[in-house]
């Protein structure tokens, strides 16, 4: 039962719950402002949960990032501990997905990029979140995504807290195996979140239905269902990603595939590397800012009414000449004229001497790889994922020896060692020995991806 007051704060509503804590939106009457108040769930308050809240406060108190909920203070009263956070008006990502099911690709990329940048802030400080879930991400009506719960936060290369979540839906394989989880575990969780935003469901099937009310805890799945799901996450390939617009762009499919790699070494090393690729992919699809795209996602779920005007990431228009001194305006005009002249000369040169595609007869300081794979494969060159076939462009490489791996989830990796000379283009054409996935002892029949 929700209390009417906690100390001097009047309780307005429940914001979130987990097995250990509950978070309320409260009114601080003295200052006339709303706050989030987080405390132990149930009464009497458990000593262990109070210790967990105190540890969380010590870690979060020094944070300063728009993607992390700001801590205003810690209050100890009798046998209780309260954390006071800033108030953000807006739905959680879980509530948004229940309204929209899935998001358009640019909106999902923008939202994931915001969360990844917040997680990168943690990684740069030697911390791992360890428990990213949609209900722990709130979306403000100004287009800001913020992580709201830090109970699973722990130093890199250190064991997770005893209160780590038992539900495996968003955990990395190494977390399921109770191994030490580093930044790459957060990358895996971000990959599941992105997949869910795009496809409308998580990569692996549900063990139990979610609660219909986001303010109420979903019924715990029976242990055997959690075991089946955990086994799938550890061993089964994710299904093909299908968005509301069909197959995603190759750059997006490659990002998701790399995030969801079973082996941590095959994933992005941290959230910053992931955020950079998300930004690159987003620039290819939209000129709007991340905030504008998040607001549009909220509008699709009917959480905001007024759509913002176009808010481009980069303003490319020229400054009006009337806004600069005459001398500077003349200098700008001269520079602009030189740019136009250079472009004209370049186009003339191109018209006289058409550029030839890279071939074994061309010369230069690098070589090229052309790759083909049947039916398809992810191409990894010298340990770095490049793209998924078919790849239309040649892959530029430095002259010398290179190690190329072709990976398909239902086939043994094909590996090639190739020597490339400067200016040379080498063609690699492989056939993947794809076998239909078969259920194993711990998984229900038909639960694995059986498509090549």
*Kindly establish whether residue 53 is in contact with a strand residue (DSSP E or B) (Cβ under 6 Å, 6 or more places away or on another chain), at pLDDT below 95 and in a helix (DSSP H, G or I).*
yes
*Hits in the range 389-410 (condition: under 19 Å from residue 240 (Cα atoms) and not in a strand (DSSP E or B))*: 389, 390, 391, 408, 409, 410
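Given the structure, is residue 155 surrounded by fewer than 23 Cβ atoms within 10 Å (Cβ to Cβ) and closer than 19 Å to residue 38 by Cα?
So residue 155 does not fit the description; no.
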*Of all strands (runs of 3 or more DSSP E) completely enclosed by the range 57-150, which ones contain at least 3 residues that are surrounded by fewer than 20 Cβ atoms within 10 Å (Cβ to Cβ) and either in contact (Cβ under 8 Å) with a residue 60 or more places away in the chain or in contact with a helix residue (DSSP H, G or I) (Cβ under 6 Å, 6 or more places away or on another chain) (or both)?*
71-77
*Can you tell me which of 224, 179, 206, 174 is modelled with pLDDT under 95, outside any loop (DSSP other than H, G, I, E, B), surrounded by fewer than 22 Cβ atoms within 10 Å (Cβ to Cβ) and touching a helix residue (DSSP H, G or I) at 6+ places or on another chain (Cβ under 9 Å)?*
174
*Does residue 48 fit the bill of being at pLDDT 85 or above and surrounded by fewer than 17 Cβ atoms within 10 Å (Cβ to Cβ)?*
no
*Working carefully through the options 150, 85, find the one that is touching a strand residue (DSSP E or B) at 6+ places or on another chain (Cβ under 6 Å) and farther than 22 Å from residue 278 by Cβ.*
85
*Taking the range 411-442 as the search range and keeping residues that are modelled with pLDDT of 85 or more and assigned to a loop (DSSP other than H, G, I, E, B), which one is nearest to residue 366 (Cα to Cα)?*
422
*Among (1) within 25 Å of residue 117 (Cα to Cα); (2) at pLDDT below 90, which single condition is residue 38 missing?*
(2)
_Breaking point among (1) in contact with a strand residue (DSSP E or B) (Cβ under 9 Å, 6 or more places away or on another chain); (2) at pLDDT 95 or above; (3) closer than 15 Å to residue 144 by Cα, for residue 106_ = (3)
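Quick grid of which residues meet (1) in a loop (DSSP other than H, G, I, E, B); (2) over 24 Å from residue 250 (Cβ atoms); (3) modelled with pLDDT of 50 or more; (4) more than 27 Å from the chain's Cα centre (by Cα):
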{"site": "342", "(1), (2), (3), (4)": "no, yes, yes, yes"}
{"site": "357", "(1), (2), (3), (4)": "yes, no, no, yes"}
{"site": "360", "(1), (2), (3), (4)": "yes, yes, no, yes"}
{"site": "363", "(1), (2), (3), (4)": "yes, yes, no, yes"}
{"site": "368", "(1), (2), (3), (4)": "no, no, yes, yes"}
{"site": "372", "(1), (2), (3), (4)": "no, no, yes, yes"}
{"site": "387", "(1), (2), (3), (4)": "no, no, yes, no"}
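The values are calculated or read from the model by the stated rules, or taken from the named source; none is laboratory data. Keep in mind the model is a prediction, meaning the values are calculated, not measured. Every residue, glycine as well, gets a Cβ built from its backbone with ideal geometry; the counts of neighbours run over all protein chains shown.
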